[in-house]
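Inspection log for the structure reproduced underneath, given as C-alpha cells.
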Amino acid sequence: MSSSFQRYLSDRPRVVDAIAIPAVFASAVFASVVGTWGTTSEHIDWQPGVVLAAVACTALWWHRSHPRTVVAVTALCASAASGFGYLTTPLLLAPVMVALYWLATETERKTAHLYCLATAAVLVPTAVLPERSVSWILVTLNPAVSLLLPVAWGSAVRLRRAYLQSLRARAEHAEHTREEEARQRVAEERVRIARELHDVVAHHLALANAQAGTAARLVRSRPEQAEQLLTDLAGTTSSALREVKATVSLLRRPDDPDSPLDPAPGLERLPELIASLGTAGLKVTVTTGGEEKPLSPGVDLTAYRIIQEALTNVTKHAATTAAQVTLSYAGDLLKITVSDEGTSSTALGPAQDGGFGLIGMRERAESAGGHFEAGRHPGGGFTVTAELPIHF
C-alpha cells in the first residue's frame with residue numbers, strides 16, 4: 001500500500017468503515033450459511049445467523065465513539081450465534097474480532113486485554129456446550145486464538161502510532177530549539193558587533209575631537225605643532241575607517257573576497273593606542289606585574305577593548321592629562337586597572353549621559369568569563385578594574 005493511499009485513508013476514516021464493515025458482514029453471512037456442518041443435530045437455518053451478523057456489523061459503525069459497547073454487542077451476537085449451533089469459525093467471529101482490534105488501537109493495553117478475556121469467557125463456553133462432531137479442543141482453541149490475534153495486532157498498531165507521534169514531537173521540539181538557538185546566536189552577534197562599533201567609533205571620534213581642538217588652539221601660536229596634530233588627526237580617522245570596515249565586514253558572507261583579513265586587535269597594539277592618545281595630550285603610564293602569559297584571542301581582544309574604552313572615557317570626561325594602566329598576571333588571571341586622578345565624571349551611566357561605555361566594558365568582561373568594577377575615588381578620579389581568565 002502506497003504512502004499516499006495510506007494518508008488518504010487516514011484522513012477519511014468513514015471511507016475505511018464503508019469498506020471494512022460490509023466485508024465483515026459478508027464473511028459473517030457466509031459463515032452463517034455454510035457454518036452449520038459442525039453440528040450433529042438437525043439442520044439449522046441460516047436466517048438467525050444473518051440477523052445476528054447484521055446487528056453486530058451495524059454496531060461497528062459506532063466503534064470510534066463507543067468502542068467498549070461495540071465489543072460487548074458483537075460478543076453477545078457471536079455468543080448467540082454459537083448458541084444457535086453455528087460453528088464459531090473466524091468468519092463468524094469477524095465482527096467481534098474487528099471490534100476488539102479497533103478497541104486495542106484506541107485504548108490502553110490493560111483495557112483491551114480485559115475485554116478480550118471477558119469476550120473469551122462468554123464465547124468459549126457457548127462454543128463448547130452444543131454437541132459437535134469436531135474435537136472440543138478445536139472448538140475451544142478456535143475462538144480463543146481468534147480473539148487474541150486482533151488484540152495483539154491492534155496493540156502493536158497503537159504502540160507504533162504512539163512511537164511515530166513521539167518521533168514527530170521530538171522533531172518539532174528539536175526544530176523549535178534550533179530556531180530559538182539561532183535567534184539567540186543572532187542576538188548575541190548583534191550585541192557583539194554593536195560593542196565593537198561603539199568602542200571603535202567612540203575611541204577614534206573622541207581622539208579626533210581632542211586632536212582637532214588642540215590644533216585649533218595652536219594653529220596661530222604654534223603652527224608647526226598644529227600641523228603635526230592635523231597629520232595625526234588624518235591617521236586617527238584613517239585608522240577609524242579601517243576598524244569600522246573590519247567590524248562591518250563581519251556581516252558579510254565568509255566567502256566574500258572583499259572581506260578584510262586583518263586580525264582582531266590585542267594587547268600587542270597597546271603601545272600604538274597609547275601613542276595615539278599622547279597626540280591628544282593624554283600621557284598614559286603602563287605597568288606590568290607578574291609573568292606575562294599569552295592570552296586566548298577572545299580574552300586578548302576583550303582586554304584591549306576595555307583599556308581602549310576606559311582611556312577614551314578619560315579623554316572625554318576627566319580633567320587630567322595623565323592616566324595609569326596596570327596589567328597584573330597572577331595564576332590564570334589577568335587583572336586590568338585603568339585609573340586617573342582628574343575631576344572625573346566617567347561614572348555617569350547611560351541614564352545620565354546616554355553612553356554605553358561602562359555597560360559595554362562590563363558585558364565584555366562577563367562574556368569572557370571575567371569580572372568588572374568601576375567607580376570614583378573618594379578624593380577625585382576614577383578607576384576601572386577588570387579580572388579576566390587568561391584562557392577562555
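The values are calculated or read from the model by the stated rules, or taken from the named source; none is laboratory data. Because the structure is a prediction, the values reported are computed rather than measured. Backbone-built Cβ (ideal geometry, glycine too); neighbour counts: all protein chains shown.
From the list 54, 31, 59, which one is in the same structural domain as residue 141 (by TED's automatic domain parsing), closer than 20 Å to residue 145 by Cα and part of a helix (DSSP H, G or I)?
31
Residues checked against (1) modelled with pLDDT of 70 or more; (2) touching a helix residue (DSSP H, G or I) at 6+ places or on another chain (Cβ under 6 Å); (3) in a helix (DSSP H, G or I):
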| position | (1), (2), (3) |
| --- | --- |
| 145 | yes, no, yes |
| 149 | yes, no, yes |
| 157 | yes, yes, yes |
| 186 | yes, no, yes |
| 195 | yes, yes, yes |
| 200 | no, yes, yes |
| 206 | yes, yes, yes |
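Output the residues belonging to segment 313-324 that are in a helix (DSSP H, G or I) and surrounded by fewer than 24 Cβ atoms within 10 Å (Cβ to Cβ).
315, 316, 317
I'm checking my understanding of the structure. Among residues of segment 83-124 that are touching a Pro at 6+ places or on another chain (Cβ under 8 Å) and modelled with pLDDT under 85, which one is surrounded by the most Cβ atoms within 10 Å (Cβ to Cβ)?
For segment 83-124, the residue satisfying everything is 88.
List the pairs whose first member sits in segment 97-118 and is closer than 10 Å to residue 147 by Cβ, whose second member is of a type in the set (Lys, Arg), and whose Cβ atoms are under 7 Å apart, counting only residues at least 6 apart or on separate chains?
115/68
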